[in-house]
Amino acid sequence: MNQSSQGPGTVIVVGSLNVDLVVGLDRMPEQGETVLGESLERHAGGKGLNQAIAASRLGADVRLLGAVGDDESGAWLRELIRADNVDDEGVATVTGPSGTALIEVDARGLNRIIVVPGANGYVSADVVGSSIRTMHGVAVVMTNGEVPLAASRAALAAGRAIGALTILNPAPVLDYREHLVDVDIFVPNEHEAAALSGLPTETDTEARAAAQYFYSLGIANVVITRGAKGAIWASASGVVDVKTFEVSAIDTVAAGDAFCGGLAAALANGYEFADALKWASAAGALAVTIKGASPSLPMRNAVQNLLK
């Protein structure tokens, strides 16, 4: 892969930190039905933590801005991000419980997720904005919807103000219209893209039209991720398909976060956008081959091997 002459910079991630309680089961229950689970595991998760760890494992210098509770879970989450070389100075400790996600994963590797925000609901827009504006050497600012909208909005505005590339992963589906003025790179999955655009995204043609719609709103790069079908990228050069890698999917949790982390890390390390997308696709593909959120986020050498 060709790197551009721009030197490496820091990736700032503004987002959630959660304790993921993952239930493995043969099939999802119908409404009002009880089924027996086959396993229960605890992992670190949250889109902020996942994206930060993903970018760090792929060779980026990463700072995470967010919040944990003053409970045992908060201390555990902080320990884990430090172990992955993520700077946690911008992670506040607030009174109350840390964020928690309840995740069901069926035998096909498909998932359903319920998030209880906890401390993530107290991430301050003022603190996020002022923190980012005082940082130097920032290449990418990336955020999502698992912190208050005012905080993600402040992150994008501050990132734009300091000349960083800004990435919005619009998950969960919320009203992001005010955010878009400061977004350089918009990365929804196909379901989020459909909900936010009001357009269908099931076929290749439909997904391309949805990507073109978001591009027409003034976003320089729109990337709609589509799982095993790859991704669609709309930019000034047109709309193109981004191929994925053939892998055996075990668990799709955090695949989108691995993709976003891979994209941010590659861009921060000076890769051209098309090459950064290959990096992101490889990271996302590898993530579905391992159970859990943070445990599935791949290391740099694994991505390099897949790209070969």
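Just to be sure, is Ala280 part of a helix (DSSP H, G or I) and either crowded, with 20+ Cβ neighbours inside 10 Å or aromatic (Phe, Trp, Tyr) (or both)? The answer is yes for Ala280.
Scanning segment 231-260 for residues that are of a type in the set (Asp, Glu), at pLDDT 90 or above and farther than 22 Å from Asn50 by Cβ returns a single hit, Asp241. Being at pLDDT 95 or above, closer than 29 Å to Ala276 by Cβ and either hydrophobic (A, V, I, L, M, F, W, C) or not in a loop (DSSP other than H, G, I, E, B) (or both) holds for only one residue in Ala101, Ala154, Ala119, and it is Ala154. Taken over segment 270-308, residues that are within 25 Å of Asn18 (Cα to Cα) and in contact with a Pro (Cβ under 7 Å, 6 or more places away or on another chain) amount to 3.
The residues of segment 36-46 that are more than 12 Å from Ile103 (Cα to Cα) and among the charged types (D, E, K, R) amount to a single one, Glu38.
Among the residues of segment 59-98, the ones that are under 20 Å from Val138 (Cβ atoms), at pLDDT 95 or above and in a loop (DSSP other than H, G, I, E, B) come to 6 in all. May I ask you to list the residues in segment 75-87 that are over 23 Å from Leu149 (Cβ atoms) and touching a strand residue (DSSP E or B) at 6+ places or on another chain (Cβ under 7 Å)? Arg78, Leu80, Ile81, Val86, Asp87 - these are the residues of segment 75-87 that are over 23 Å from Leu149 (Cβ atoms) and touching a strand residue (DSSP E or B) at 6+ places or on another chain (Cβ under 7 Å). When Asp88 is tested against the conditions (1) crowded, with 17+ Cβ neighbours inside 10 Å; (2) within 25 Å of Val247 (Cα to Cα), the lone failure is (2). Selection of segment 30-55 for residues being out of contact with any Asp or Glu (no Cβ under 9 Å at 6 or more places or on another chain) and under 16 Å from Val253 (Cα atoms) yields Ser39, Leu40.
Pairing each residue of segment 167-178 that is farther than 15 Å from Glu190 by Cβ with any residue that is loosely packed, with under 14 Cβ neighbours inside 10 Å and modelled with pLDDT of 95 or more, provided the two are 6+ apart or on different chains, yields C-beta distances under 9 Å for Arg177/Leu217. For segment 283-306, a tally of residues being outside any loop (DSSP other than H, G, I, E, B), in contact (Cβ under 8 Å) with a residue 24 or more places away in the chain and not hydrophobic (A, V, I, L, M, F, W, C) returns 5. Being touching a residue at least 24 places away in the same chain (Cβ under 8 Å) and within 13 Å of Gly99 (Cβ to Cβ), is that true of even one residue in segment 20-35? Checking segment 20-35: at least one residue is touching a residue at least 24 places away in the same chain (Cβ under 8 Å) and within 13 Å of Gly99 (Cβ to Cβ). Entry remark, segment 44-62: residues being more than 20 Å from Asp20 (Cα to Cα) and either surrounded by fewer than 24 Cβ atoms within 10 Å (Cβ to Cβ) or within 12 Å of the chain's Cα centre (by Cα) (or both) number 2 in total.
Applying a threshold of 8 Å to beta carbon distances and a minimum spacing of six or more residues, or different chains, the list of pairs starting in segment 1-14 at a residue that is more than 11 Å from Leu65 (Cα to Cα) and in a strand (DSSP E or B) and ending at one that is among the hydroxyl-bearing types (Ser, Thr, Tyr) and at pLDDT 50 or above reads Gln3/Tyr271.
Residues in segment 11-43 that are surrounded by 23 or more Cβ atoms within 10 Å (Cβ to Cβ) and in contact with a helix residue (DSSP H, G or I) (Cβ under 9 Å, 6 or more places away or on another chain): Val11, Ile12, Val13, Val14, Gly15, Ser16, Leu17, Asn18, Val19, Asp20.
Of the strands (runs of 3 or more DSSP E) entirely within segment 182-265, those holding at least 2 residues that are in contact (Cβ under 8 Å) with a residue 40 or more places away in the chain occupy 221-225, 231-235.
The values are calculated or read from the model by the stated rules, or taken from the named source; none is laboratory data. Quick caveat, the model's predicted, so the values are computed rather than measured. So basically every Cβ, Gly included, is an ideal-geometry build from the backbone, and we count neighbours across all protein chains shown.
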